[in-house]
1. For the range B:256-275, enumerate the residues that are open to solvent by 30 Å² or more (accessible area, probe 1.4 Å) and in contact with a Gly (Cβ under 7 Å, 6 or more places away or on another chain).
2. Within the range A:305-332, count every residue that is within 11 Å of chain B (Cβ to nearest Cβ) and either part of a strand (DSSP E or B) or closer than 12 Å to A:THR47 by Cβ (or both).
3. Is there any pair with a first residue in the range A:96-113 that is within 13 Å of chain B (Cβ to nearest Cβ) and modelled with pLDDT of 95 or more and a second that is within 16 Å of ligand 1 (Cβ to nearest atom) and open to solvent by less than 10 Å² (accessible area, probe 1.4 Å) whose Cβ atoms are under 8 Å apart and which are 6 or more apart or on different chains, and what are they?
4. Having 2 or more residues that are polar (S, T, N, Q) and over 13 Å from the mean Cα position of the chain (by Cα) is the bar; report the strands (runs of 3 or more DSSP E) wholly within the range B:227-311 that clear it.
5. Quick check on my filter: what residues within the range A:190-236 are charged (D, E, K, R), under 23 Å from the mean Cα position of the chain (by Cα) and open to solvent by 50 Å² or more (accessible area, probe 1.4 Å)?
6. Which condition breaks for B:ALA390 when tested against (1) assigned to a helix (DSSP H, G or I); (2) over 15 Å from A:ASP57 (Cα atoms); (3) touching a Pro at 6+ places or on another chain (Cβ under 6 Å)?
7. Out of the range A:250-286, which residues are open to solvent by 10 Å² or more (accessible area, probe 1.4 Å), more than 8 Å from ligand 2 (Cβ to nearest atom) and under 30 Å from A:ALA110 (Cα atoms)?
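The values are calculated or read from the model by the stated rules, or taken from the named source; none is laboratory data. Note that the coordinates shown come from a computational prediction; the quantities given were computed from them, not determined experimentally. So basically every Cβ, Gly included, is an ideal-geometry build from the backbone, and we count neighbours across all protein chains shown. Areas reflect the complete protein model, heavy atoms only, side chains present, ligands, DNA and RNA absent. Shrake-Rupley method; radii C 1.70, N 1.55, O 1.52, S 1.80 Å.
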Amino acid sequence: MPDSSLLDQVKDFANRPNPYPVYAKLRQNPVSRQDDGTAEGTWVAATHGTIARLLQDPRVSSDTLPPADRPRTGNPLTDLIVKPLKDWMMDRHRVFIFRDPPDHDALRSAVMHQFSCARVQAMRARSDALVTDLLEEKREAREIDAVDDLAYPLPVTVICELFGVPREDEPKFHGWATQLATALEPDSLSNTEIRAKNSRTFDAIGGYMGDLIREKRRHPRDDMLSGLANHATPAGVKMGDYDLIATSILMLVAGHETTVNLITNGLLTLLRHPDELERLRQDPTRAPRLIEELLRYEPPVQFRTRRTLSAIDIAGVTVPEGADLVLLLAAGNRDESVFPDPDRFDPDRTGTRHLGFGGSLHYCVGAPLARFEAEAALTALARRLKAPRLIADPPPYRQGAALRGPEHLRVAIDGIA
Amino acid sequence: MAALERAVIVGAGLAGLRGAEALREAGFSGSLTIVGAEPHFPYDRPPLSKHVLAGAIPAESTALPHGLDADVDWQLGTPAAGLDRRAGTVRLADGRALPYDRLLIATGTRARPWPNPHEGRLAGVFTLRGRDDAAALRRALAAGPRRVLVIGGGFIGCEVASLCRKLDLPVTLVDPGPTPLARVLGRTIGAFIGAIHAGHGVDLRCGTEIEWLEGAGGRLVRAHCVGGGRIEADIAVVALGAVRNTEWLDGAGLSVDPGGVDCDGAGHVLDAEGQSDPQIAAAGDVARFPHPLYDGRRVALEHWSHAVAQAAHAGRLLAGAPPDAAYGAMPTFWSTQGDLVVKSAGLTQGADAVVIAQGNPATGRFIALYGRAGRCIAAVSVDSARWLPAHAELVAAGAPFPPAGAATDRPKGVAILDPGFS
Ligand SMILES: Cc1cc2nc3c(=O)[nH]c(=O)nc-3n(C[C@H](O)[C@H](O)[C@H](O)COP(=O)(O)OP(=O)(O)OC[C@H]3O[C@@H](n4cnc5c(N)ncnc54)[C@H](O)[C@@H]3O)c2cc1C
Ligand code: HEM
């Protein structure tokens, strides 16, 4: 039997706790073809230079989704009429993370226009308060699960408040977010069962958002959804209902598990580097640089996929037209030619250009939110957890190889200060 | 290297400064003199037509940061007036002679003045090259003129005109050519960019030439066009391109003309017989050199990044650390015109075809790729700089033109256009 390809090893669940040695092997060939049973193969870019370069190559497309194909129901009316229509609508109103310019740029500009500095700053203060509330609930506990008790609820609440989802409806979003967390995992696209579940969840959340948008049109408030629903950008971009629904779902999905992972990877890394935990406890102003280093060292999004629109010569190889391309951000982040001693966790690095938020035109829209949510959580944990100890190291991981992070992170404590 | 050696740099601009730094970095420990015609320490010019005119920063805030220690003899406010290669001296305007063992020529260019000096001296008539020009023009714009007339539709003309619109000032841009930027980018792309500026309210008059400027009481009141027609304006910005500062080299026996100082592939200047002078190098806007990317054709570039790269190269060369390759960095350029950012890689001159490789001129965002004899020779991005590096690679590799295959935001079957260079 032939060796499994390095890409298979990346996906192999056994490597989830520490995929970095496999990445190091992949970096030996900056761009390499990995067997996946197809003629083209899957091409993997694993060095900082090639990833940064491909992130801004016009022959590289983010339009990687297969055509929408909602599950059949057995009801002929639904399957023959409603389904094709809905599939068509879904294809026309894809979320912009999976779209190319010019559509991508227009939709993204509408979001950026509403992401005002003041709005972001207001959410910053709120996340500190939310973290305090969440920790308060665990006041008497001698053990916490950083995932369930803190990291999971925080980003959903932040996104709901930013969008202006009424407080009483927020619990629905926690359920939806949990289900949709798998939607960005490349392998979920080929799993029909997950796709079917996700498409039911999309229907539920889409229906809800449609109603909410109408409500925001009738009674605009000072929130992001009201802004998106009622105002055009200076260039005249205003989203229609379907794009707006899709975009809201994108913000929820793209900002959920990623932020959860950043917080839990962060706590895990700090518990593995007690000196850094102590320094953060003493000096909360270290948080920003610590978080940048986390985004390099344990990035929540380990890789993103793309497709080539035409052949590309790069690093001595030719990636053919129509090939699947994996941009292994987490491998680029450990590229020794850019980050000396790359496997060392060192928040005092300067001038790091990590790829944790991607780069170029799809650079993470939510980066400021993610940064201060993590800052709120990690500084509070460092300050308030008394004598925190990991109960299992490595902790159990979730399935995902792309959105990689612990499923639970149980920590024994002597209490919460 | 003997510590007693003397290096002189003539021109205290961008290239002079970066050349001096490179000289020191490469280990030159002799005496270092920098001669500058202006009384200012080296400063940066690109912001002058952008942030300074907009009022975002004062003209004095453009000083270039540098890594030179105190051990530099700055001769500022005294232009060099002559070069005697046999004696090995640079003569200053105040009569002093500075001996050199190594010399860097970095005197750049100056704005081409309005041809009629009397009209050019009218209050309200400006050129834009230096810091003091920018400060004066900024004051005039801030005073709220009735209308600004920009004469010349090159990069600086387009920058000034679009900036006036940002300041909400009425502005007319005249150019005798068929479109703005026609000389550098060709008529086809020039027309697209012109349309964007017209859309922002620039009164664009192409095919129009100003015959004379009328003053009253020493102030500009209007401009008269060739063949009749007048433009009422109290400010005129003369943006007719640049003249190279080479007069001080007259009689030095170098291969020099108003188009620049000729260099060999390494960066040493050539004498009138075409022989290299190993003691003298030139860099920046004033230098003309054979570019390896363009079959060794001699080019003179007025580009910021080129001045930086070539000066670094020349500094090392003079320090006796000859680089292994001929100087031939890919020419790159940018220009901020109002909110529009134009960037280029490569040289468009001589292009026989152009395609819109991505985007759509009608939306104001696109990439134009220029070809010559079936090879990519230059790429220009208009508000889509993120795609430029990939296209610059095609240019560097001399990839086949037109580009094959699909790309994001590229129409199926790109149309091959005449670039319109006359
Ligand atoms: C308004 C403006 C905007 C620009 N915008 C851009 C832009 O957006 N992008 C871009 O790529 N480029 C831009 N440029 C061009 C860029 O600034 C030049 O390419 C760059 O300054 C060239 O550097 P240099 O050192 O060769 O010449 P200069 O900067 O002109 O320096 C030459 C120096 O030599 C001095 N000098 C001249 N004669 C003598 C003498 N006889 N003795 C002693 N000293 C002398 C001059 O006073 C001057 O200080 C712009 C230029 C201007 C004027
Ligand atoms: C630690 C947390 C986060 C990480 C590590 C992260 C990472 C990333 C990365 C790597 C991309 C690039 C995708 C690509 O190139 O294909 C991206 C895009 C995106 N992110 Fe994030 N993200 C985080 C949090 C958030 C949050 C909180 C939000 C929303 C509120 C968000 C919204 C988005 C959106 C909308 C995009 C798509 C941008 C585009 O396609 O133009 N992200 N993110």
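1. B:ALA272
2. Counting residues in the range A:305-332 that are within 11 Å of chain B (Cβ to nearest Cβ) and either part of a strand (DSSP E or B) or closer than 12 Å to A:THR47 by Cβ (or both) gives 6.
3. As it stands, the answer is none, since no pair meets every condition given.
4. The strands (runs of 3 or more DSSP E) meeting that bar are B:276-282.
5. Passing the criteria: A:GLU193, A:ARG195, A:LYS197, A:ARG200, A:ASP203.
6. (2)
7. A:VAL253, A:GLU257, listed by residue number.
For every residue, the table says whether it meets (1) within 30 Å of B:ASP168 (Cα to Cα); (2) within 14 Å of another protein chain (Cβ to nearest Cβ).
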site	(1), (2)
B:VAL308	no, no
B:ALA312	no, no
B:ALA321	no, no
B:PHE333	yes, no
B:LEU340	yes, yes
B:GLN358	no, yes
B:ALA368	yes, yes
B:ARG375	no, no
B:SER381	yes, yes
